[in-house]
Amino acid sequence: MSATDVVTLDRGNGTSCRIHRFGATVISWMCKNEEHIFVSSKAIFDNKKAIRGGIPIVFPNFGPWECGPQHGFARIRTWQLSQPPTKDSTGNIMATFTLEDTEDTRKMWNHRFKLTYKMTLLEETLQMEFTIENTGTEEFAFTCLLHTYFRVPDVRTVTISSLKGLTYTDKVKDDAKDVEQRDLVSIQENVDRVYIDTPTEHAIGNTAGGKTLLLQKYNLPDTVVWNPWQEKAAAMADLGDDDYVTMVCVEAGAVATPHTLAPSHSFQARQTFVVSA
């Protein structure tokens, strides 16, 4: 991993964020010396394969894609650093990354677009603002998601709030639909669920340092919960056999229903993490 590949936002006091330009993938968020983002012990940083861990950006398609690679191409393209890290008067640090269509992307998906991804590092908060612009002359449909891997001491003790009563698609069970009955969702096995029309905030309990993290989201109506568990983790070349124990994916996205964007229009979304306690 080259030093020029990684952009660092550093507030001091053990609080920083590191973003790899390949995929504009957040690979670290330290808050007061506590790491909250999981990256696989076997992650490959070759600027070819999607980074296993961090916060990969899924666009323009979530899941298997007939036009190209699974989860689209945004996570396997090198983004431009359009605004280097800049500190404001309150000490918050911002950086902005952009990705535009190329001849290569148009061969897969013949549309013109511009993605803008703005990171803001606050004292106990990390904010990600995501804008999709249709710069072409025809409308296009897309799905998108921020595929966050949280670092946790033990996934079996993690709890996720605000999912009770919601319909979900269970990808482990051939996309069967069901309704969540639990007040707090916990993970004790292979889980791959798309919860539909979720609230704007989830509390994720027992994360790094025993802290609760708040995941707040805007214009991202769905929430994916994923952990491959032991057998599937062992089959992944870029995931350590026991890594699944120290990770949980809680992913904010617009994936259940494709969003259609007219020419010269834009779609804006936001995800924020807050260390609550």
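The values are calculated or read from the model by the stated rules, or taken from the named source; none is laboratory data. Just so you know, these numbers come straight off a predicted model, no measurement behind them. Quick reminder, even Gly has a Cβ in these numbers, built from the backbone with ideal geometry, and neighbours come from all protein chains shown.
In the range 250-266, the residues that are crowded, with 20+ Cβ neighbours inside 10 Å reach residues that are acidic (Asp, Glu) with C-beta atoms within less than 6 angstrom, at least six apart or across chains, in these pairs: 253/222; 255/222. At least 3 residues being under 23 Å from residue 32 (Cα atoms) is the threshold, and among the strands (runs of 3 or more DSSP E) wholly inside the range 88-203 those reaching it are 93-100, 113-121, 125-134, 149-151. Restricting attention to the range 54-68, the residues being closer than 19 Å to residue 192 by Cα and surrounded by fewer than 16 Cβ atoms within 10 Å (Cβ to Cβ) number 2.
Does residue 41 meet the test of being among the small types (Gly, Ala, Ser), modelled with pLDDT of 95 or more and either part of a strand (DSSP E or B) or surrounded by fewer than 23 Cβ atoms within 10 Å (Cβ to Cβ) (or both)? Spelling it out, it is not the case that residue 41 is among the small types (Gly, Ala, Ser), modelled with pLDDT of 95 or more and either part of a strand (DSSP E or B) or surrounded by fewer than 23 Cβ atoms within 10 Å (Cβ to Cβ) (or both). Taken over the range 44-66, residues that are part of a loop (DSSP other than H, G, I, E, B), touching a Lys or Arg at 6+ places or on another chain (Cβ under 9 Å) and among the hydrophobic types (A, V, I, L, M, F, W, C) amount to 3. Contact annotation: residue pairs with Cβ atoms under 6 Å, 6 or more positions apart or on different chains, pairing a residue in the range 42-69 that is more than 20 Å from residue 247 (Cα to Cα) with a partner that is hydroxyl-bearing (Ser, Thr, Tyr), are 61/143; 62/143.
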